[in-house]
């Protein structure tokens, strides 16, 4: 069942992104007077098709990993002389640029629309307060202290933990200094200092920039209180229930949730005697963690979720935006993420970010499924991020991608004549090899993470 849910979430997510991308090409092509022969979501054998009055065939095909818009083009077959004016290759270079650009632009517009909805309905986040500072870390040399609020990174505001995380992610692989702005509780005075970095977190897979800076945030203690028990799990079979407070494991006190998690992970297949507080009554249970494995490392798992602690209202930043302010915030967020995506790809090419962070369809499917389980707002946020990534990747100047076509058309616009067909064909062959290699490498990373 879990596998089916993951597949469904992935197909729906990718289908929406591809449909918007291809609709961008389709809509602008129609406005330029180009005849569209087929609008397809997916590749391969059609599962559903319909032809409209203008002769465009709409299809949903069996392989959901992509899509395409097929336009009338003399390079792909004979065209009746009466329809030469509707062929893509007969259009001005500027019309062709508009059609090709429209796909990535549609992805960016989708992200803006999603962020607008999320911001208009209300946004909140945890205020970043420093809990502990690790010795000899960048934060230590910057003079950060426990209790301070991090209000800016490189002169850009960080009102929430999510904002702090994004600003720090933008500095991955960099050398030099990170300018940090902090203030003490109940004070409006901002103190600025520089945190020294050298190829910061360049070799780390899935880097955590906040801990990489050398700080632990002051977060409410995560107590060992069970929020839910996974169906058909060791915890369910052992009799654990939502609301149980874990007191001891093999007579060892478990004051925090992570104490319990660590104890379980270290004992795959071993019986653990547990005492819990259940509505004031002490219950004794025995659980045997299942053996799981990641990257060749075995660990125990029992199948339960922790109850999140209540957070004081003064530790939460609430954004109450009207429709105009929400649109402005959506534009800024989308612009920031577009810039971050291009910057990250550039750093990966320079070796400043580990290529193991490149993800493929398996990771996308798993994240899509988990975000969908977390609620529609979480899934929409992931959809926006993925839409931006799809749009940005398609703008790379690699033949076979939209950016490669734009490169050829830009050269044509500058020189007044098209790039020779032999050069284009060679470029497409090289581009296809490069894209397939990247896809294979991303898929390899996915498999390694399983």
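The values are calculated or read from the model by the stated rules, or taken from the named source; none is laboratory data. This is a predicted model, so every value here is computed, not measured. Methodologically, a virtual Cβ is constructed for each residue, glycine included, from the backbone with ideal geometry; neighbour enumeration extends over all protein chains shown.
Results, tabulated for the structure shown:
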| quantity | calculated |
| --- | --- |
| Residues of the stretch 174-207 satisfying the condition of being assigned to a loop (DSSP other than H, G, I, E, B), under 26 Å from the mean Cα position of the chain (by Cα) and within 16 Å of residue 153 (Cα to Cα) | 174, 175, 200 |
| Single residue of the stretch 217-235 satisfying the filter (in contact with a helix residue (DSSP H, G or I) (Cβ under 9 Å, 6 or more places away or on another chain), farther than 25 Å from residue 151 by Cβ and buried (at least 17 other Cβ atoms within 10 Å of the Cβ)) that is modelled with the lowest pLDDT | 229 |
| Residue ID - nearest to the chain's Cα centre (by Cα), chosen from residues in the stretch 295-309 that are over 22 Å from residue 240 (Cβ atoms) and in contact (Cβ under 8 Å) with a residue 24 or more places away in the chain | 295 |
| Every pair of residues 6+ apart whose Cβ atoms lie under 9 Å, when the first sits in the stretch 31-47 and is in contact (Cβ under 8 Å) with a residue 24 or more places away in the chain while the second is in a loop (DSSP other than H, G, I, E, B) and loosely packed, with under 15 Cβ neighbours inside 10 Å | 32/92; 35/54; 35/55; 36/54; 36/55; 37/55 |
| Test: residue 427 is at pLDDT below 90, surrounded by 15 or more Cβ atoms within 10 Å (Cβ to Cβ) and farther than 27 Å from residue 8 by Cβ | yes |
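Rundown of residues vs (1) over 30 Å from residue 350 (Cα atoms); (2) touching a strand residue (DSSP E or B) at 6+ places or on another chain (Cβ under 9 Å); (3) surrounded by fewer than 12 Cβ atoms within 10 Å (Cβ to Cβ); (4) in contact (Cβ under 8 Å) with a residue 40 or more places away in the chain, yes/no style:
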| site | (1), (2), (3), (4) |
| --- | --- |
| 215 | no, yes, no, yes |
| 241 | yes, yes, no, no |
| 279 | yes, no, yes, no |
| 293 | yes, yes, yes, no |
